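Student: So that we are looking at the same thing, I have put the structure below in structure tokens.
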Amino acid sequence: MELDKRKVVILTTIIKNYLETGEPVGSRTISKYSGLNLSSATIRNEMSDLEEMGYILQPHTSAGRIPSDRGYRFYVDQLMEKHQRDLVEVKSSMLERVDRLETALKQLVRTVADNTNYAAMVSGPSVHKNKIKFLQISVVDVRKLLLVVMMQGNMVRTATVNLDGTEELDFNTVLSLNLILNDELAGLSAVDITEGRCAQIFARSRYKATLRAILETIKEMLGAEAGEPQIYTSGATNIFKYPELTDSENASKLISALEKKDELAELVREADVDSQGGSHQIQVYIGEESPLQNIADCAVVTANYALGNGMKGTIGVIGPKRMDYEKVLEILSGLMKEMDQAFQ
């Protein structure tokens, strides 16, 4: 006997209700929550078939049914298969989007440099306080778990969780931990996983050492997303069009900043901080106001673009203090709108 669609719906309804309530599930509950327009007698016949096939158990006479290990296995395999399909689709779409974005950013920075006649830079999108959509843990061996986390922006991260081996994890325990972690962490970022939140999670399971190891790994994983951004530059030779920037010391400092990128990464961080808590997306730094002290004889104009889901980056123009501010501001304002619309 095979599981047809109707049996799958009934089995899934039994498992979901049992996971939620811990109570045996009867035909009335199945009729109410399954969405199947079946009589109680038909549902009971289907339940008998599922019991005969080993997917559910009847713990007491006249009681409802509960899932067997085989039923749990079928349910989790279905979930795993669905999540795997989702992950494959997300990875494929994200790779395509990243390739498209990288090409667009390289073209963008050339366009800015050409249109302004100044040096230009643009940072690839970083993820600001990225939040968890869902996660999944699975056992590799007694001392190791595989952790898969999908975050906003459909970014997928995997990590290995090392355990001390003192807590044995059977199938039902792993299922329970998955449910607890998703219930508690979905929609949270690394900064939201506080000691209080961890204590709340620990209170729901006796497997505290395992949960602690998982939570520490998640924090490290999300914290790593705040790494140095990818930065693209163009128009370095434009600085030689301005006599005040062409003496050997100034030119050397500016070219070094554009090549090494570490100072530009600091500029990106500064622009991000300056834009917090207000509506100003564009920042103008003149001379000594610049976060880049090595090029304090220049003016720097930055604008933040947003791609949704917390993903954002910075466009910057570096030139003499006598730059055409009106033209630069107009160009950056237009480019921000185009970036926002192109990648929604």
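Student: Just need a number here: residues in segment 205-223 that are buried (at least 18 other Cβ atoms within 10 Å of the Cβ) and within 18 Å of Asn172 (Cβ to Cβ).
Tutor: Final tally of qualifying residues: 4.
Student: Moving on to the next point. Output the residues belonging to segment 318-333 that are surrounded by fewer than 15 Cβ atoms within 10 Å (Cβ to Cβ) and under 28 Å from the mean Cα position of the chain (by Cα).
Tutor: Residue satisfying the conditions is Ser333 alone.
Student: Something else about it: Give me the pairs: first residue in segment 12-30 and assigned by TED's automatic domain parsing to the domain that holds Ile43 and assigned to a loop (DSSP other than H, G, I, E, B), second residue surrounded by 14 or more Cβ atoms within 10 Å (Cβ to Cβ) and among the small types (Gly, Ala, Ser), beta-carbon distance under 7 Å, and six or more apart or on different chains, which are they?
Tutor: These pairs meet every condition: Pro24/Gly64; Gly26/Gly64.
Student: Moving on to the next point. Filtering segment 291-331 down to residues that are among the polar types (S, T, N, Q) and in contact with an Asp or Glu (Cβ under 9 Å, 6 or more places away or on another chain), which residue is modelled with the highest pLDDT? Don't jump to the end; show me each part of the working.
Tutor: Within segment 291-331, the first condition is being among the polar types (S, T, N, Q), and the residues that meet it are 293-294, 302, 304, 309, 314.
Still in the running and in contact with an Asp or Glu (Cβ under 9 Å, 6 or more places away or on another chain): 293-294, 302, 304, 314.
Working: Gln293: 69, Asn294: 70, Thr302: 87, Asn304: 81, Thr314: 84.
Taking the candidates together, the pick is Thr302.
Student: Let me ask another. For segment 241-260, check the following and say yes or no: at least one residue is outside any loop (DSSP other than H, G, I, E, B), crowded, with 17+ Cβ neighbours inside 10 Å, touching a Ser or Thr at 6+ places or on another chain (Cβ under 6 Å) and at pLDDT below 85.
Tutor: Within segment 241-260 (the criterion being outside any loop (DSSP other than H, G, I, E, B), crowded, with 17+ Cβ neighbours inside 10 Å, touching a Ser or Thr at 6+ places or on another chain (Cβ under 6 Å) and at pLDDT below 85), the answer is yes, since at least one residue qualifies.
Student: Additional query: Could you please find all residues in segment 25-50 being in contact with a Lys or Arg (Cβ under 7 Å, 6 or more places away or on another chain) and either closer than 22 Å to Leu79 by Cβ or aliphatic (A, V, I, L, M) (or both)?
Tutor: Residues satisfying the conditions are Val25, Leu36, Glu46, Met47, Leu50.
Student: Looking at segment 30-39, can you tell me whether even one residue there is surrounded by fewer than 15 Cβ atoms within 10 Å (Cβ to Cβ) and among the hydrophobic types (A, V, I, L, M, F, W, C)?
Tutor: no
Student: Just give me the residues in segment 173-211 being in contact (Cβ under 8 Å) with a residue 12 or more places away in the chain and among the small types (Gly, Ala, Ser), in sequence order.
Tutor: Ser176, Ala186, Gly187, Ser189, Ala190, Ser205, Ala209
Student: Provide a single number: the residues in segment 45-60 that are surrounded by 15 or more Cβ atoms within 10 Å (Cβ to Cβ), outside any loop (DSSP other than H, G, I, E, B) and out of contact with any strand residue (DSSP E or B) (no Cβ under 6 Å at 6 or more places or on another chain).
Tutor: Here is the first cut: in segment 45-60, the residues surrounded by 15 or more Cβ atoms within 10 Å (Cβ to Cβ) are 46-47, 49-51, 53, 55-57.
Now narrow it down to the ones that are outside any loop (DSSP other than H, G, I, E, B): 46-47, 49-51, 56-57.
Cutting the leftovers down to out of contact with any strand residue (DSSP E or B) (no Cβ under 6 Å at 6 or more places or on another chain) gives us 46, 49, 51.
Qualifying residue count, segment 45-60: 3.
Student: Going through segment 43-71 one residue at a time, which ones are at pLDDT below 90 and at positive phi?
Tutor: Correct list: Ser62 only.
Student: From the list Leu163, Leu185, Leu169, Leu179, which one is crowded, with 16+ Cβ neighbours inside 10 Å and within 24 Å of the chain's Cα centre (by Cα)?
Tutor: Working: Leu163 fails: within 24 Å of the chain's Cα centre (by Cα); Leu169 fails: within 24 Å of the chain's Cα centre (by Cα); Leu179 fails: crowded, with 16+ Cβ neighbours inside 10 Å.
Within the list Leu163, Leu185, Leu169, Leu179, the selection yields Leu185.
Student: Determine the pairs where a residue that is part of a loop (DSSP other than H, G, I, E, B), located within segment 62-79, has a partner that is charged (D, E, K, R) with Cβ atoms under 8 Å apart, the partner being 6 or more residues away or on another chain.
Tutor: Listed by first residue and then by second, the contacts come to Gly64/Glu23.
The values are calculated or read from the model by the stated rules, or taken from the named source; none is laboratory data. All of these numbers come straight from a predicted model, not from anything done at the bench. Glycine also receives a Cβ, built like all others from the backbone with ideal geometry; neighbour counts cover every protein chain displayed.
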